[in-house]
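**Student:** My questions will all concern the structure given below.
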Amino acid sequence: QALFNLLIPDHAADAFSPPRLAEPGPWDLLLEQLLGGLSRWDAEHFLFIAERGYLYEHNCAFLPLYPLSVRAVAEGALRPFQRLLRLRSRLLLSAVLLNSLFSVLAAAALYRLGCVVLRARRVAFLAAVLFSVGPANVFMAAAYSESMFAALAFAAMWQLEKGQSWLSGLLFSLASGVRANGLINAGFFLYSRGKCFALQLQVGSGPMRKLPPLWKQVLSLVSSAVLMCAGIFLPFAVFQYYAYLRFCGPGAVPAQTVPEPLLQLALDKGYRPVAMNGVKPPWCSQRFPVVYSYIQDTYWNVGFLRYFELRQMPNFLLALPVTLLGSWAAWTYLIANPRHCLTLGLERRKSEEEGKPRAGFCCPAVFVYVVHATVLLAFGFFCMHVQVLTRFLGSSSPVLYWFSAHLLQEREPLLWSEETAHQTVAPRSEKSLLGKSPGSCGKGMSENPVVRLLMNCRSISPLSKCILGFFLSYWLLGLVLHCNFLPWT
C-alpha cells in the first residue's frame, strides 16, 4: 500500500476531503506516507467522525460504533504518542491497528463457523484462508468498518450455531451498530427459533407428551424473537434518534462552535452542517424521521434500479465476478437440495434422525446462509451502487468463501491427496473427528492450501485458476486503485 501510494499519484477525486486544521509535524508526515493510502474515500468519513463527531448531515450514513472504537484506542492506547502525533494521525494509526486485529478475528470466527456448519474442517480452513486474501481485502485494512462488522457477524453466527443465543444476540446487536445491513442478521435468530419450533412439532408421540403445551411453546417463541430482534434493532434506532436530536432539535450546536474552514467546506460542497440557523432538513418532518434512508436517497441516489444506466456499465462489469459466484452458489445449493429449499429447511430429514447429517457446502445447515447471501446479492445488485457488491458480500456472508473453497476442494486432486495422506496417518478417533465433530477445529493445518495451489498453478483446473485469479487480482487491484483515490469497489 505504501509502495503504490508512493509510486502512483493520487487521482483528483470528487470525494469527501475535509481540510486539516492542525499543522502536521514530521512524524505526522511520515505516518501519512506510510499509511495514507488507507484513509481514502469513505475512510475520510470515519476518521472525520472519530475526530469531530457528526458535524455534517451525510456523515450520519456511517454508524457510530466503529468511529467510537477508533477514537477510544487513539485516546487510550495511543495517548502516549500525543506529543509526536496529532489526533488525526493517531486516529489513522488506531484504525489500521484495529482493522488488523478484527481481520484476524473475522478469519478465526469464519473458520470456527465453517467447522460447525459445514462439518468439513479442510473446507472451513480453506475458506478462512481465502477470506484472508479476499477480493475486498483492501477494505478490511483501510479505515472502513468492514473488518469489525465481519468479525462481529461471523462470531455471532458461530455462537448461534453453538446454541449461545444471548451471546449471539449481543454480537448481532453490536454488528447493527457498525453497519446498517446488520439489521438483516435478525433473520438468523428468527429462522433458528422457527426451525426449532417446527422440528419439535414433528417429533414422535412419545417425546411429544414431555413437551410443554403448544400455547406455551408459541408464547416462548414469540417473546424470545421479539426481545432478540428489539436488541438487534436497538443500536440503529438509538442512532436515528440521536441524529434527529442533533439536526432537528432546537439549537443543538451553536454555529460559532463549528470551525470556519468546515463551514466554508459545507458551503462549497453543498453539505448540510449541524448548525443551519434554525432551518431543519426535510427528513425531520417525516412521520418516521430516518436520516439513513434520506441520505442514501438524496446524497448518493440509492434506490431500486436507479443505477441501471449505460454509463454505469463498467461498474456492473466490476461486480460481475461476485455476482456470478453468488448466483452459482445459490443455484448449486438449490439443485442439490430441492426439497429442503421448498420446505425452507423446516422438515425433519432421515439423516438428522439417524444422527448422520450431510457434510460440506450442500449440507442442510447451509440453507439459511445461502438465503441470506442471495438476499444481500439481489438487494445490492438492484438497489445499491453495484460496484460495492464485492465488499458488501465479502464482509457480511460466509457463503462467498465457503462456495469458493467447495469448488476448489471438489476439483483439485492436490487437495484430495492432502486429505487422504492426513487421514491415513491419523488414529481412528481423530479421523472421526475430522469428518464429523466441530471440536476438531483445534488441529492446525500442516500446509496452506492456497499456497499449494499457487505453487502448482500450471496443473490446476481452469476453474480453480479463475477463482484464485479473481481473489488475488482484486486483492492487488484494490490496493493499487483504492489507495490512490481511483474508483474501486
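**Student:** Of the conditions (1) open to solvent by 10 Å² or more (accessible area, probe 1.4 Å); (2) within 22 Å of residue 474 (Cα to Cα), residue 159 satisfies every one except a single condition; which number is it?
**Tutor:** Tallying (1) open to solvent by 10 Å² or more (accessible area, probe 1.4 Å); (2) within 22 Å of residue 474 (Cα to Cα), residue 159 fails exactly one: (2).
**Student:** Which members of segment 21-37 meet the condition of being surrounded by fewer than 13 Cβ atoms within 10 Å (Cβ to Cβ) and within 25 Å of residue 267 (Cα to Cα)? Full working, then the answer.
**Tutor:** If we filter segment 21-37 for residues that are surrounded by fewer than 13 Cβ atoms within 10 Å (Cβ to Cβ), which is where we start, we get 22-23, 26, 29, 33.
Correct list: 22, 23.
**Student:** For the list (1) at pLDDT 90 or above; (2) closer than 25 Å to residue 170 by Cα, I need the number of the one condition that residue 217 fails.
**Tutor:** Exception for residue 217: condition (1).
**Student:** Taking residue 375 as the residue in question, decide whether it is assigned to a helix (DSSP H, G or I), open to solvent by 20 Å² or more (accessible area, probe 1.4 Å) and closer than 21 Å to residue 158 by Cβ.
**Tutor:** Values: assigned to a helix (DSSP H, G or I): yes; open to solvent by 20 Å² or more (accessible area, probe 1.4 Å): yes; closer than 21 Å to residue 158 by Cβ: yes.
Here the answer is yes, as residue 375 does meet what is asked.
**Student:** Looking only at segment 39-77, filter to residues that are in contact with a Lys or Arg (Cβ under 7 Å, 6 or more places away or on another chain) and charged (D, E, K, R); which one of those is surrounded by the most Cβ atoms within 10 Å (Cβ to Cβ)?
**Tutor:** Taking segment 39-77 as the starting set, the residues that turn out to be in contact with a Lys or Arg (Cβ under 7 Å, 6 or more places away or on another chain) are 47, 50-51, 54, 56-57, 63, 74.
Pick out the ones that are also charged (D, E, K, R) and you get 51, 57.
Details: 51: 20, 57: 23.
That would be 57.
**Student:** Of the conditions (1) touching a residue at least 40 places away in the same chain (Cβ under 8 Å); (2) open to solvent by 10 Å² or more (accessible area, probe 1.4 Å); (3) closer than 28 Å to residue 240 by Cα, residue 122 clears all except one; give me its number.
**Tutor:** All conditions pass for residue 122, except number (3).
**Student:** If you don't mind, another one. Any idea how many residues of segment 314-357 are touching a helix residue (DSSP H, G or I) at 6+ places or on another chain (Cβ under 6 Å) and at pLDDT below 85?
**Tutor:** Going through segment 314-357 one residue at a time, the tally reaches 3.
**Student:** Another one. Among the residues of segment 18-40, is any assigned to a loop (DSSP other than H, G, I, E, B), without any contact (Cβ under 8 Å) to a residue 60 or more places away in the chain and under 25 Å from residue 274 (Cβ atoms)? Explain how you work it out, then say what you get.
**Tutor:** Taking segment 18-40 first, the residues assigned to a loop (DSSP other than H, G, I, E, B) are 18-25, 40.
With without any contact (Cβ under 8 Å) to a residue 60 or more places away in the chain added as a condition, the list becomes 23.
Applying the additional criterion that residues be under 25 Å from residue 274 (Cβ atoms) yields none.
Checked segment 18-40: no residue is assigned to a loop (DSSP other than H, G, I, E, B), without any contact (Cβ under 8 Å) to a residue 60 or more places away in the chain and under 25 Å from residue 274 (Cβ atoms).
**Student:** Can you tell me which of (1) out of contact with any helix residue (DSSP H, G or I) (no Cβ under 7 Å at 6 or more places or on another chain); (2) at negative phi; (3) part of a loop (DSSP other than H, G, I, E, B) is the one residue 307 doesn't meet?
**Tutor:** (1)
The values are calculated or read from the model by the stated rules, or taken from the named source; none is laboratory data. None of the values given here were measured: they were computed from a predicted structure. With ideal geometry, Cβ positions are generated from the backbone for all residues, glycine too; neighbour counts draw on all protein chains shown. Please note that ligands, DNA and RNA were not included when accessible areas were found on the heavy atoms of the full protein model with its side chains. Shrake-Rupley method; radii C 1.70, N 1.55, O 1.52, S 1.80 Å.
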